[in-house]
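See structure below.
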Amino acid sequence: MKINDVILRTISRIVVFIILTFGVYLFLSGHNTPGGGFIGGLVLASAIILLYLSTDLETVQKSLPLDFKYVAALGVFLATSTGFGSIIFGVPFMSQTFAYFDLPIFGVTELTTVTIFEAGVALTVVGVLVTIIFSISEDGG
Amino acid sequence: METLIIMLIGILVAVATYLILSRNIIRIILGTAVFSHAVHLLILTMGGLKQGNVPLLKEANAPYTDALPQALILTAIVISFAVTAFILVLAYRIYQDIGTDDLDELRGAKDE
Amino acid sequence: MNNLIVLPLILPIMVGVVLVFLRPYIKLQRVFSLLTLIVTAGISLLLLNIVRTDGIIRLDFGGWEPPFGILFVADSFAMLLVLTASIVTAICLIYAFSSIGERHEKMYFYPFVLFLVAGVNGSFLTGDLFNLFVCFEVMLLASYVLVTLGGTKRQLREAIKYVVINILASWFFLVALAYLYGTVGTLNMAHISERVAEAGQGPLLTTISILFLIVFSLKAGLLLFFWLPGSYSVPPTAIAALFGALLTKVGIYALFRSFTLIFYHDTLISHTLIGIMAAITLIVGCMGAIAFKDVRLIVSYNVVIAVGFILIGLAVGTETSIAGSIYYVIHDMIAKAMLFLLAGTMIYLTGKSKIDEMSGLIRNYPLFGWMFFLVTCSLAGIPPLSGFVGKILVGQGAIESGSYILLALAFLSSIVVLYSLLRIFLNTIFGETIISLEDEKPMKMGMIIPIVLLGIAMISLGLGAEFISDYVTDAAHTLANPSVYIDAVMGGNK
């Protein structure tokens, strides 16, 4: 049955950007306030799933030509390799460090190695979630 | 407050047990999902339901709550999410290949 | 602090993830996964020797000192198991190269084997009870995928039961963890042990210990093994061998760790219960091993018997019997992998799985036949093969503490093991051959070599018992004296 989903499509086109922005905000705010890679990743994935709901699988795959399995794998690799980094520097596994840098546009910014780990977590969450949703719905019964 | 939550956990476990004892795979999966919610609540309650700030450096001057149960629950949620997703796909494959969602028909063959 | 300890966990995960990207290049995947396991084995051998000279070492993740952070602890018991697990997995992988088929290899077979190994190694090494849960889940998720890999109807049917049982077991694990956290307020195993010792193991803690007993028994196949024969007999041979060798051993490890380190005060209830459960496991496992005619089922029930036997060592609880159990766990990992590989090869060669449908394999494949004889002798505990030392030590421990019923059951079970395997041997390997020379499938080198390698490992474990006795005595000493472990974890930085 073809349903009339003009409203859904129009709105989701705008809302997707708001959700994506919110996801990035949650991800970046995660260091000293509630937030973080996991929920940031969840929100990012929900934006992609909303796109898929309002259009269809082919459109989403055409506009986002990524194999999300590889996104998840990349995320795990990133997260574990930050742990691996501390082995190279000879400090206990999963140690973190941070420093303040004076960047041109942002001013004094705190950069931490946790952010890399969290980016890995976020990528993993996005990759796994989207892969699961796609693989369940691929041959939609 | 703890008593109330413990009673809620009891109800959830009862519901989940009922669901998991049925023969329908989807009901069993729902049962496992409810089970996991119940145990997350249990972890939270066993850690003690106290009011306080988030345990973050900026808010250090106020009394804060025990962060460990929440970290445990987050991990447990992620794991139960992955397992539930896997078992859903598995149930779907079983429905496609064997054509049933009734566990009685998934018994081992007689000659084995 | 020694960052080497984390490598047996992190190395397989990282290589596994890289292999996901190398999906089309099967040759490369094979080389990488085998190399990873060999390197892991090398690292664990190195760590084993460090532990022997320097005592127990630990690694606090992120520099958070215990009991605040997560940590890995390497003692002789854990390192021996990690070493054996890596070697056995490497040999099973060699078998998989020639038997598993390209379709499986492209369905991420190697990454999931590596994740499985990571979960197993993590469970052995971790010093934190919740971390143990996480490592269990990593291992179980990989095993769910490996059980269903290939997706035949039989596999799907057994997989859903396997998954549901394990979800329930994990649920009980979380419930037990929640109660324990509510009672003692910590999750670091050494710290829990201290707190339990301070407060005394009252009825509440004993109840919690029985919850843990249920959880780990489900994983180990102690009494609650009803799921085991079904799910271990459906996957492809190499995977079944991995499961038979590794998965139950993780449950056994957890039982040993928790009931020697944490809940060792009130042995009257928990250890008696373990003894009763082990006894029933032995009896029922023996019945299963005799009753069935399907080779895979007989072999699966042999796994159950071994679990019962090993846990008798824990139930008796003397240092000698624990040392015997450790010997036997190591022996059993090798022997069970070999037994599963032999059974799978038998089915591959004849295309049949019932023992009365096969006959005379020794005329076509002499080496194969004698390898089966070797594993039979070893599992029955005939000297100088590897099963002997473990059996004799468990028996000695049982005599020391006067547990004569368990002693009798343990040695009767050896006779049943011998009978059930000799039944396979006489029916399928001796007798008139059913395969004519024209129909004879050539034995692949890739299949016989891993079997021979495991055979060599078994003989050298038996003959070289002298060499590893140092490590095993140390491991048993740590298990029998919890204070050694606690001092190493809580005693500040070295």
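The values are calculated or read from the model by the stated rules, or taken from the named source; none is laboratory data. Small disclaimer: the values here were computed from a predicted structure and weren't measured. With ideal geometry, Cβ positions are generated from the backbone for all residues, glycine too; neighbour counts draw on all protein chains shown.
Brief remarks follow.
- In segment B:1-17, the residues that are within 20 Å of B:Ile29 (Cα to Cα) reach residues that are of a type in the set (Phe, Trp, Tyr) with C-beta atoms within less than 8 angstrom, at least six apart or across chains, in these pairs: B:Leu12/B:Phe35; B:Val13/B:Phe35; B:Ala16/B:Phe35.
- Segment B:19-41: number of residues that are touching a residue at least 12 places away in the same chain (Cβ under 8 Å) and basic (Lys, Arg): 1
- Condition check for C:Thr320: within 20 Å of C:Ile451 (Cα to Cα) and part of a helix (DSSP H, G or I): no
- Tally of residues being among the hydroxyl-bearing types (Ser, Thr, Tyr) and in a helix (DSSP H, G or I) across segment C:402-458: 6
- Any hit, segment A:37-48, residues being more than 14 Å from A:Ala122 (Cα to Cα), more than 14 Å from chain B (Cβ to nearest Cβ) and surrounded by 13 or more Cβ atoms within 10 Å (Cβ to Cβ): no
- Test for A:Leu28: is it at pLDDT below 90 and either away from chain B (no Cβ under 14 Å) or within 21 Å of A:Val121 (Cα to Cα) (or both): yes
- Subset of segment C:118-144 that is among the β-branched types (Val, Ile, Thr) and part of a helix (DSSP H, G or I) - its residue that is farthest from the other protein chains (Cβ to nearest Cβ): C:Val120
- Some residue of segment C:97-117 being among the hydrophobic types (A, V, I, L, M, F, W, C) and not in a helix (DSSP H, G or I): yes
- When residues in segment A:61-83 are screened for being more than 10 Å from chain C (Cβ to nearest Cβ) and within 18 Å of A:Phe38 (Cβ to Cβ), 3 of them pass.
- Residue within segment C:79-101 that is within 14 Å of chain A (Cβ to nearest Cβ) and either surrounded by 18 or more Cβ atoms within 10 Å (Cβ to Cβ) or over 23 Å from the mean Cα position of the chain (by Cα) (or both) present: no
- Looking across segment A:56-89, the residues that are at pLDDT 80 or above and more than 20 Å from the chain's Cα centre (by Cα) come down to A:Phe84, A:Gly85, A:Ser86, A:Ile87, A:Ile88, A:Phe89.
- Scan segment C:145-198 for residues that are more than 8 Å from chain B (Cβ to nearest Cβ), within 30 Å of C:Ala480 (Cβ to Cβ) and among the aromatic types (Phe, Trp, Tyr) and the total you get is 2.
- Criterion: among the acidic types (Asp, Glu) and within 21 Å of the chain's Cα centre (by Cα) - qualifying residue of C:Asp439, C:Asp474: C:Asp474
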